[in-house]
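Taking it in order: structure first as structure tokens, then the write-up.
Every read-out reported here was derived from the displayed coordinates using simple, explicitly stated rules and does not represent laboratory data. Just so you know, these numbers come straight off a predicted model, no measurement behind them. Here the Cβ is made from the backbone with ideal geometry for all residues, glycine too, and neighbour counts use every protein chain on show.
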Amino acid sequence: MQRPDFGVGQAITRSARLFPTLPCLLDPAGSGRTFAEVEERVNRLANSLAARGVVKATRVAVLSVDTFEYVELFLACLKLGATFVPLNFRLVDEELQTLMGRADADFLFVCDRYVAVGRSLVEALPAPPQLLSLDGSLGDDLSDLISQGDSGEVRISVADDDILIIMFTSGTTGQPKGVLQSHRMVKAVAAQLWECLPKPGEVRYTASPLFHAAGLFVVLGQLTVGCASLITEQFDPQVTDEAMSSGLLTGCFLVPTMINAILDLERPAAASERMRQILYGGAPMPPALLQRALARWPECDFWNLYGSGTESNLQSYLRPEDHRRALAGEIDLLTTVGQSIIGVDLRILDEDGIEVAAGVVGHIAARTDVVMSGYLDDPEETRIALRDGWFFSGDLGYFDEHGYLTLGGRSRDVIIRGGENIYVAEIETVLSRPASVTAAAVVGRPDPYWGELPVAFVEYRGDPPSPLDLELLCRDHLAGYKVPVDFYLLAALPRNGTGKIRKDALRQLAVTPSPSGTAALETITSPGGRS
């Protein structure tokens, strides 16, 4: 029998006792709520939800932009041991209906912007959830629940294996999967972040949306140590730049596309002396972009966080001292994702599960508490990912002799050309070298003779690179069979709501070769959805 644990649900309670008057949630103007205020609101909300029938394992979904109320609903669910189901608001109605049907949620909270979507979901689902509002846009809303609830502390016993979150993957390579995140995993994520977490009284901004693991877990980690979180509805480079320069922020978590957007502002402001730290991750960071960021914010400590996102949040990081060594001349460090984190047994294994030598590409496998319990109603995919106590993310990579991990792409991204394996990350790294290239992606094109051929998509800023120059660059650094047969120059690569490149969309475009062998200048946008 497992020992009962009050765990992460009491994180806000602890911070409210230790730091009652410190800010907990802030808007860009610097207004917000203290830890004591948030704790009282969360207790009232949790008690009201309990009166509505929310108990352990009750599934509570939310479809909303990022707001204070979103965070408070999440914290209330943690206190109750209910299962929180954050939904990507950028999905179209049909996609949301599919996910809601799979989640089988008992409650659905929406913000004003998505009331109509929420109503259509309730009408379409065979077992409709109870629809409530986060912001007063329906007759039944969160503020009413808070005003009606008792402020007494909620203490529900939660076991390590209890599922606290069902979070759907981004679906960049196929259909989104529902990831089951246990109490054990959520506790371990918060503990892992402590090495790079701020001090009480600091203010941090997590630009990744709250429906994403990076957004939700970083905010949770911050509130456990008494750090305020800046909350904005969606990422805005101008607003973020102003918060970084005004003295409001002491640190940020950003994905590479967001860093690029800030650096590309017409008149970027000078960073405040209070800015101490920039965490980044969620997608590959081209070395040229990282060097621009290091030059833009020279006083900041940079951390590159690598993990499998939804399924296993953190596995390794490149520390600030590694970034400083890179600036001093060891530039190749910037192509790695650092060394494994304490508490994570990280290995590179071959197809038979045998550990390989340094420098050899293999499957990245991790043994850690920071790992999902499985996929929702998908035992086959769970069996593939969780084997003999190891989590296989689907990522490929290799260690150098010092234990620094270099990613080699996704195992499903390996292109097999005439029997030769081509690891797309190797090509993408080469293509990212020019200063004008902000991102690169390589996919396979089916070919009747070779089986597959590599096709490159390059996103640029300023003057576009020449396709011929890109081809010559590849030939200088890669074996001939690895050189892409087509180069598409794009003003913007298609991305999902968390900034990851949508390779499924690129594969559709890659099927038809461009007439000249190199593609004309064009822009691809993501399929229909919400901004």
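Structure above, values below:
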{"item": "Gap separating the Cα centres of the range 170-235 and the range 452-488, nearest whole Å", "result": "36"}
{"item": "Compactness relative to 2.2 N^0.38 Å, alpha carbon Rg of the range 235-412", "result": "1.14"}
{"item": "Net charge over other residues, Cβ less than 15 angstrom from the Cβ of Ile354 (K, R count +1; D, E count -1)", "result": "-3"}
{"item": "Contour minus Cα-Cα distance for Arg475 and Ile416 (0.36 nm per residue)", "result": "19.4 nm"}
{"item": "Positive-pole candidate from Ser15, Phe391, Leu254, dipole of the chain, charges at beta carbon", "result": "Ser15"}
{"item": "Value in Å of the Kirkwood radius, where the range 1-181 supplies the Cα pairs that are averaged", "result": "16.8"}
{"item": "Neighbour cut-off at most 16 other Cβ (10 Å), DSSP loop, GluC sites (Glu not before Pro), the range 296-389", "result": "Glu299, Glu330, Glu351"}
{"item": "Leu327 versus Asp144: modelled label distance in nm, points set 7 Å from Cα along the beta carbon direction", "result": "5.4"}
{"item": "Principal axes of the range 414-510: Cα extent on each, largest first, Å", "result": "37, 31, 17"}
{"item": "FRET efficiency estimate (nearest 0.05) - Cβ-Cβ, Glu381 to Ser436, R0 41 angstrom", "result": "0.55"}
{"item": "Sum of -39500 (n - 2.57) over DSSP H runs of 4+, divided by residues of the chain (222 nm, nearest 500)", "result": "-8500 deg cm²/dmol"}
{"item": "The chain - Rg over Rh from alpha carbon coordinates, Kirkwood radius", "result": "0.96"}
{"item": "Neighbourhood net charge (13 Å Cβ-Cβ; Lys/Arg +1, Asp/Glu -1) for Val179", "result": "-2"}
{"item": "Filter on Lys56/Lys199; Lys177/Lys482; Lys79/Lys187; Lys187/Lys500 - keep pairs with C-alpha separation over 21 Å", "result": "Lys56/Lys199; Lys177/Lys482; Lys187/Lys500"}
{"item": "Fraction of antiparallel bridges per DSSP, the chain only, in percent to nearest 5", "result": "55"}
